[in-house]
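What follows is calculated from the coordinates using simple rules that are stated; it is not laboratory data. Note that the structure is predicted; figures quoted are calculated from it, not measured. Cβ coordinates were reconstructed from backbone atoms using ideal geometry, including for glycine residues, and neighbour counts include every protein chain displayed.
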């Protein structure tokens with residue numbers, strides 16, 4: 001009988017209960033790991049990598065090691081062009097980004113092509129072989145680390161950048177969908193972002209509201225090819241400056257959408273047809289809600305191209321027919337400053353014309369005028385009115401440049 005029924009040790013009830021509890025705990029931990037890290041691919045065997053998924057984010061030492069390991073794979077793709085980071089696209093061509101508002105003051109001698117609306121530029125560089133970049137597109141908007149390119153005295157530097165969320169958005173300066181970065185993402189416009197596997201993720205740019213966007217890698221390369229194949233485009237001139245429509249201005253003008261005119265150049269095609277304080281609702285059939293939309297429409301106009309503006313003021317709405325013109329050549333008595341209002345702060349210098357009072361004063365694009373002729377936080381209109389006042393007196397202006405405060409004089 002003993003041979004037919006060998007003895008089997010009985011597993012105690014407590015042991016079975018313990019094993020069941022352990023199994024349930026493992027499954028529960030695995031489920032929690034999936035909820036905590038939804039962007040990680042689920043493992044085939046949840047038991048072995050379970051504790052790995054629950055470990056903390058990489059430490060700074062881990063990130064430094066990861067960046068060092070990526071450098072040999074990313075460095076051949078990067079180059080510095082006159083202080084700006086660039087991405088190699090071939091043997092002797094690189095793509096860089098210049099703020100469209102400041103591009104005229106940062107032009108490079110090796111420029112092969114430039115998109116006036118987006119700021120994407122192609123430049124000729126020293127010939128050197130570079131592999132084609134591997135492209136990446138986000139599969140989710142969850143948190144992740146990117147490797148950002150930045151310029152340094154020694155050339156191009158790399159550092160990790162943590163992005164806790166990517167928000168899909170559309171910017172008129174670029175085709176397709178872009179990704180808005182959170183305000184605390186510490187990355188400069190013009191930087192190129194790579195993943196931890198050395199895939200090219202996108203280009204960081206800024207919009208008119210100083211929001212930072214990541215233009216996907218596929219869009220960057222497609223736009224670079226378009227710019228390279230496009231004939232040179234001479235910038236046209238409308239001589240109109242605008243700003244967003246606030247709720248108070250909307251009530252005063254009767255407009256519910258559009259951009260309010262802050263200045264009209266007496267040398268431009270809009271002189272006498274449009275006035276400061278009026279609202280431009282539409283340009284060539286395109287409704288306007290942001291200054292980015294206005295900049296794109298104006299910069300892509302050909303010289304002498306017809307322009308139809310839908311303009312509204314307190315008396316009602318009308319259509320204004322104009323034609324885009326060439327940039328006027330400033331005279332020595334011209335102010336020569338293209339300014340943008342910064343409410344409560346002053347006026348930001350976007351462009352300085354050569355041979356003008358602005359150039360002689362030493363002002364540069366990016367400076368912020370905080371006081372002019374005794375007026376604090378002056379608007380562009382205040383500055384122009386003070387400069388054009390009768391007489392030959394100089395206008396004393398205080399301005400900020402980076403972290404320094406300075407004073408200069410605008411002399412007629």
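On the basis of the beta-carbon distance and an R0 of 22 Å, residue 27 and residue 164 show a calculated FRET efficiency of 0.15. Simple spin-label estimate for residue 364 and residue 20 gives 7.6 nm between the two label positions (7 Å along the Cα-to-Cβ direction from each Cα). What's the long-distance tail for the stretch 273-412, i.e. % of Cα pairs beyond 19 Å? In whole percent, the share of Cα-Cα pairs in the stretch 273-412 beyond 19 Å is 58. Taking the centroid of alpha carbons for each part, the stretch 172-192 and the stretch 224-239 are 22 Å apart. The alpha carbon radius of gyration of the stretch 62-229, expressed as a multiple of 2.2 N^0.38 Å, is 0.96. A quarter of the convex hull surface defined by the alpha-carbon atoms of the stretch 240-323 gives 4.9 nm² as the mean projection. Only Cα sites of the stretch 290-329 enter the Debye sum here, all with the same form factor; the resulting log10 I(q)/I(0) across q = 0.34 1/Å is -1.08, listed in q order.
Remark on the stretch 337-410: Rg and Dmax equal 11.0, 34 Å (Cα only). Once divided by 2.2 N^0.38 Å, the Cα radius of gyration of the stretch 190-252 becomes 1.67. Over the stretch 240-323, Cα pairs under 8 Å with separation of 6+ residues give a relative contact order of 28 percent. Annotation: peptides 200-207, 372-379, ranked by per-residue average of other Cβ atoms within 10 Å with the highest first, follow the order 200-207, 372-379.
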